[in-house]
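Written below as structure tokens is the structure these notes are about.
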């Protein structure tokens, strides 16, 4: 059963990665220079905000997540041994996913092309589904404490 769950998580992870990359490529080739300038600039404002939120999440996990030094993925905060609910995690439950949602939204606003928009929406949905899968995994890892955290921080 765990193998199947891991496989499902990999599918969502790969899917949102592919859709995000595809969105960037499409935005590069299908950029609409005659689009609305206000939306274009809003996209460029949203982009660094999203990256800042993501950086804050990774930074917080590195500092207080109890990631063993031997973990190769520790630079991203993967493999935490301690539940983290302070810093950015006191406001946002999944700041790295919020970062990628902001990224996709920014690309939609910057490109202003319907195909980049559709791919961006698919990317956002797959990111959301991946976050839900992570919640299930974290409930398995941290139990009731994580369930209480989820109830307190719905975002």
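The values are calculated or read from the model by the stated rules, or taken from the named source; none is laboratory data. Predicted model, so just to flag it, every value in this text is computed and none were measured. Cβ coordinates were reconstructed from backbone atoms using ideal geometry, including for glycine residues, and neighbour counts include every protein chain displayed.
For segment 10-30, filtering for residues that are surrounded by 15 or more Cβ atoms within 10 Å (Cβ to Cβ) and within 20 Å of residue 137 (Cα to Cα) leaves 5.
This table checks each residue for (1) out of contact with any helix residue (DSSP H, G or I) (no Cβ under 7 Å at 6 or more places or on another chain); (2) crowded, with 16+ Cβ neighbours inside 10 Å; (3) at pLDDT 90 or above; (4) over 30 Å from residue 33 (Cα atoms).
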position: 92; (1), (2), (3), (4): no, yes, yes, yes
position: 122; (1), (2), (3), (4): no, yes, yes, no
position: 136; (1), (2), (3), (4): yes, no, no, yes
position: 154; (1), (2), (3), (4): yes, no, no, yes
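Condition check: closer than 24 Å to residue 60 by Cβ, loosely packed, with under 15 Cβ neighbours inside 10 Å and at pLDDT below 90. Does residue 144 satisfy that? When the stated conditions are applied, residue 144 does not pass them.
Taken over segment 15-42, residues that are closer than 18 Å to residue 94 by Cβ and at pLDDT below 85 amount to 3. Within segment 124-134, restricting attention to residues that are within 10 Å of the chain's Cα centre (by Cα) and under 19 Å from residue 79 (Cα atoms), which residue is surrounded by the fewest Cβ atoms within 10 Å (Cβ to Cβ)? Step by step, filter segment 124-134, then rank; the result is 131.
Across segment 110-123, the qualifying residues are those that are over 14 Å from the mean Cα position of the chain (by Cα) and without any contact (Cβ under 8 Å) to a residue 60 or more places away in the chain, and the one among them that is farthest from residue 17 (Cα to Cα) is 114. Is it the case that residue 57 is touching a residue at least 24 places away in the same chain (Cβ under 8 Å), part of a helix (DSSP H, G or I) and in contact with a helix residue (DSSP H, G or I) (Cβ under 6 Å, 6 or more places away or on another chain)? Answer is yes for this residue. Just one residue in the set 45, 53, 49 is surrounded by 18 or more Cβ atoms within 10 Å (Cβ to Cβ) and at pLDDT 95 or above; that residue is 53.
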